[in-house]
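Coordinate-derived values only; no laboratory data. Just so it is clear, the model here is predicted, and its values are computed rather than measured. All Cβ positions, even for glycine, are placed from backbone atoms using ideal geometry, and neighbour counts span all protein chains on display.
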Ligand code: NAP
């Protein structure tokens, strides 16, 4: 299939590792010029270089925190009018919701709701002018299966999800789609860190907790970041132009419901 996005430009937030990096790699494979963003300069530069070498595509690294005004301004200075925007930032910590203070809720909404909304606002005018835009938000399976241990994540991402639902119809005539990808149990550093915290909470070893979680997936394994990246690239493609406003679970078939 021809994705039709060769030569287009993209901003991918949270892209030095994990799911964001996989999205950047998959888009670069399709010939998209990718701007990778993460806070740690060395890591994001290394990721950009590796992807550029592997795909022969132009890559740019921006060391910036997307939760800050200055960080988002630096991202937009590097790639002012992207055809594609992938919103992503680190997930908030898990824990007992009773222990979280106002500051914790603010941090979560800054990272997993407001940074995405503000970047969407800033990239839309050029997309509307060009009559083409693809926006993908990396959220979480917690949007469909909330869990009290991940309350910060659920609450902030639900805010973004509701916001997106509201604006999708008004952008459709301009050829702009916005979809969210809802990962669960992808083998990344974020998963490893959650596993250690759960192991501690459950009083078992990290290896036992890891095996327990793998076994809990109908696939018997964790998701591979490249599977996630491929889905993102498809949603950013020209043939995916009729898919918008969707919240797509990538969970190996774990979700027990129908909708
Ligand atoms: P990860 O491996 O921890 O990678 C996170 C990436 O985002 C890194 O490149 C990190 O680099 C960057 N980042 C974090 N905060 C940032 C900020 N404020 N500004 C710019 N870049 C930032 O995480 P992941 O597993 O790929 O997960 C990606 C998202 O999906 C997270 O929100 C996570 O909670 C969510 N999620 C993942 C899973 C899963 O199965 N992996 C499941 C549910 C939800 P720096 O630290 O250098 O900035």
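Observations
- Residue with peak Gaussian network fluctuation, the chain [Cα springs, cutoff 10 Å], from 45, 58, 103: 103
- A Förster radius of 30 Å, combined with the Cβ-Cβ distance separating residue 78 from residue 103, puts the computed FRET efficiency at roughly 0.50.
- Choice from 28, 172, 54 with maximal GNM fluctuation in the chain (Cα, 10 Å cutoff): 54
- Inter-part distance where segment 178-247 and segment 26-69 are each reduced to a Cα centre, Å: 21 Å
- Contact order relative to length of the chain, as percent, for alpha carbon pairs under 8 angstrom and 6 or more apart: 21 percent
- Approximate shape of segment 89-220 as ellipsoid semi-axes (Cα gyration tensor, √5λ), whole Å, largest first: 33, 17, 11
- Comparing 140, 170, 151 in a Gaussian network model of the chain, where Cα atoms under 10 Å apart are tied by springs, the biggest mean-square fluctuation is seen for 170.
- The angle between the Cα long axis of helix 189-202 and the longest principal axis of the Cα atoms of the chain comes to about 20 degrees, rounded to the nearest 10.
- Peptide packing: for 158-169, 77-88, 181-192, the average count of neighbouring Cβ atoms within 10 Å per residue gives the ranking 77-88, 181-192, 158-169, highest mean first.
- Pair residue 128, residue 42: separation of 7 Å Cα→Cβ label points (nm): 4.4 nm
- Estimated 222 nm signal from helices in the chain, with DSSP H stretches of n ≥ 4 weighted -39500 (n - 2.57), rounded to 500: -14500 deg cm²/dmol
- Between the Cα long axis of helix 151-171 and the first principal axis of the chain there is an angle of about 30°, rounded to the nearest 10.
- Quarter of Cα convex hull surface for the chain, i.e. mean projection, nm²: 13.8 nm²
- On Cα atoms only, tilt of 18-29 relative to the major axis of the chain in degrees: 30 degrees
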